[in-house]
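Take a look at the structure below.
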Amino acid sequence: MGVSGCGKSTVGRALASRLGATFLDADDFHPPANVERMRAGIALTDAERAPWLGALAARLSQAQTAGEPVVLACSALKRGYRDALRRGAPHLHLVHLTGSPALLAARIGARTDHYMPAKLLPSQLATLEVPGADERPITLDVALPADRLVAAILERIQ
């Protein structure tokens with residue numbers, strides 16, 4: 001989890017590969033209307049996010065029922081969003097990727113293949129509810145290379 005530009009997809013794909021798990025990118029679950037709003041620089045409301053979070057929770061539940069290991073890259077910026085995901089996966093391991101606003105903005109600005117514009121980063125940072133200790137997050141600074149982040153995650157979850 002984390003704001004745009006923190007490396008959720010990069011780290012998630014690498015982690016899934018190391019675990020032999022299915023990688024899911026929450027961005028792929030957004031309906032076209034949500035994507036167009038974000039592409040236009042309009043932050044989504046909680047009401048617009050609700051069906052998306054429901055679809056993610058359903059997919060996590062399906063994976064859990066099937067015994068399918070899954071790594072999900074998802075912003076999950078608010079506690080309520082993470083709670084919605086936990087309804088589908090009660091034993092969710094939470095990895096919170098953090099970074100300085102300058103680093104995150106630079107990463108977003110360098111991307112050419114994503115719809116999320118850099119101008120939405122401030123609203124994401126303002127929306128972010130840092131996971132509390134009761135959520136047992138693995139919090140990592142994305143200034144580290146992706147392979148070191150994956151190694152740190154594996155060390156903590158295995």
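Read-outs: derived from the displayed coordinates by stated rules, not from any lab. Everything quoted here is computed from the prediction, not taken from an experiment. Using ideal geometry, Cβ is built from the backbone for each residue, glycine included, and neighbour counts are taken over all protein chains shown.
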Would you grab the residues whose amide H sits under 5 Å from the one on T22? Only those 5+ places off in sequence or on another chain, please, with H modelled 1.01 Å from N. V70, V71
For each of E68, E155, E135, count neighbouring Cβ atoms within 10 Å of the residue's Cβ, then give the residues from fewest to most. E155, E68, E135
So, over other residues within a Cβ distance under 11 Å of R148, counting Lys, Arg +1 and Asp, Glu -1, the net charge is -3
Using a basic spin-label model with each label point 7 Å from the Cα along Cα→Cβ, how many nm lie between A43 and R13? 2.9
Tell me what the chain gives for mean residue ellipticity at 222 nm when only DSSP H runs of n ≥ 4 count, each as -39,500 (n - 2.57), the sum divided by the residue total, rounded to 500 deg cm²/dmol. -15500 deg cm²/dmol
Relative contact order (percent, whole number), the chain, Cα cutoff 8 Å, 6+ residue spacing: 36
